[in-house]
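Just below is one structure, and these are the notes that go with it.
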């Protein structure tokens, strides 16, 4: 899959499925420094992903300081040719209007993605 180098960051898209509804989310930063993937909750409100009383609330630290997120188990996450089902994802509000989430090491390592920076491609090993 192609990745985009923009504003000093690498971008891709992911698809999230939840209770029979799916959505492709653009402007996801490929972040090998993030242990967990994180998606803007504003991007998934329309497919029913909202915080509820049974969701676990977690905090994380990054360049922007301390952030809070809720963990929701989704039906499927698809990144290019890789798909994982019944997967827990962190959702939060993002402070940046041009970034809708982070694709972290949890998914990158699970898939075993190879990131080719010369060709700006990310692919699964053969």
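The values are calculated or read from the model by the stated rules, or taken from the named source; none is laboratory data. Just so it is clear, the model here is predicted, and its values are computed rather than measured. Every residue, glycine as well, gets a Cβ built from its backbone with ideal geometry; the counts of neighbours run over all protein chains shown.
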(Q) Here is a check on your reading of the model: is residue 62 loosely packed, with under 12 Cβ neighbours inside 10 Å and at pLDDT below 95? (A) no
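When you look at residue 76, is it at pLDDT 95 or above and on the phi < 0 side of the Ramachandran plot, yes or no?
Details: at pLDDT 95 or above: yes; on the phi < 0 side of the Ramachandran plot: yes.
In short, yes.
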Q. Taking region 1-52 on its own, how many of its residues are in a strand (DSSP E or B), modelled with pLDDT under 95 and surrounded by fewer than 16 Cβ atoms within 10 Å (Cβ to Cβ)?
A. 1
Q) Condition test on residue 84, is it out of contact with any helix residue (DSSP H, G or I) (no Cβ under 9 Å at 6 or more places or on another chain) and either in a strand (DSSP E or B) or at pLDDT 90 or above (or both)? A) no
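Select from region 97-126 the residues that are assigned to a strand (DSSP E or B) and without any contact (Cβ under 8 Å) to a residue 12 or more places away in the chain and write down the one among them that is nearest to residue 5 (Cα to Cα). Steps first, please.
Step one: list which residues in region 97-126 are assigned to a strand (DSSP E or B), which gives 101-103, 114-116, 121-123.
Subset that is without any contact (Cβ under 8 Å) to a residue 12 or more places away in the chain: 114, 116.
Numbers: 114: 16, 116: 12 Å.
Applying the filter and picking the extreme gives 116.
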